[in-house]
Amino acid sequence: MNRHAPMPIRLAAPHKKFLYSVFSMLWLSGGLWLVLHYFMRTEGEFGIAPHPAEIWCLRVHGLMVFAVLLALGTVLPVHARRAWQLNKNRRSGLLLKALFLWLALSGYALYYFASEDNENWLPLLHWGAGLSVPLILALHIRMGRKRSRRLRSMSGGQFQTGHTAGNDERHADPAVQRQGFSPQHNAE
């Protein structure tokens, strides 16, 4: 029987850098737009005018949406799926998924359906949720790291690699043991 070792939950360092950079650019471009739009309006020929950099913030924000959707696409099939299978960090993961779905839908609505009827509440709901992303993402990461440290200490350091030098056939995760996976199958 040919079985493959389970995919890890923890993201590789280059993958994390990619995710953190695109999420940061998206958040910063949206945050900067908010500051410019609400606090740095300029006096124009015909009265109060938008800040000249607002349009560039929105352009960068729109571009970064594509990068974030790509980034989310790299997280869902491995990281989120594996964590779901192992029943790890489900609540905060679901909250993040719901938040990103809301942001995508409300951003789409802002772009295609903005009107005078919804101009008072739709932007507020979008950027209110958007501003919360770093906090919820930080909580998700912290909860995952805390749980990982706790499990690693309970298993005597066996948790992260899945095996110790003297015991290649045993995996620290009982769910993986039940499925019959072992580290030896990585090479196949």
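The values are calculated or read from the model by the stated rules, or taken from the named source; none is laboratory data. Remember, predicted model here, so these are calculated numbers, not experimental data. Cβ: placed from backbone, ideal geometry, glycine included. Neighbour counts: every protein chain shown.
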Name the residue, out of Val78, Val60, that is surrounded by 14 or more Cβ atoms within 10 Å (Cβ to Cβ), over 27 Å from Gly144 (Cβ atoms) and either assigned by TED's automatic domain parsing to the domain that holds Lys17 or in contact with a Cys (Cβ under 6 Å, 6 or more places away or on another chain) (or both).
Val60
Quick check on Leu69: is it of a type outside the set (D, E, K, R) and under 13 Å from the mean Cα position of the chain (by Cα)?
yes
Could you tell me whether Leu69 is part of a helix (DSSP H, G or I), surrounded by fewer than 16 Cβ atoms within 10 Å (Cβ to Cβ), of a type in the set (A, V, I, L, M) and not assigned by TED's automatic domain parsing to the domain that holds Pro134?
yes
Condition (residue is surrounded by 13 or more Cβ atoms within 10 Å (Cβ to Cβ) and either hydrophobic (A, V, I, L, M, F, W, C) or within 18 Å of the chain's Cα centre (by Cα) (or both)) applied to the range 108-116: is it met by at least one residue?
yes
Please go through the range 74-86 and give me each residue that is touching a helix residue (DSSP H, G or I) at 6+ places or on another chain (Cβ under 8 Å) and touching a residue at least 24 places away in the same chain (Cβ under 8 Å), ordered by number.
Thr74, Val75, Ala83, Gln85, Leu86
What number of residues within the range 16-53 satisfy the criterion of being outside any helix (DSSP H, G or I) and among the small types (Gly, Ala, Ser)?
4
Taking first residues from the range 38-49 that are under 25 Å from Leu124 (Cβ atoms) and second residues anywhere that are basic (Lys, Arg), the pairs with Cβ under 9 Å that are 6 or more apart or on different chains are Ile48/Arg41; Ala49/Arg41
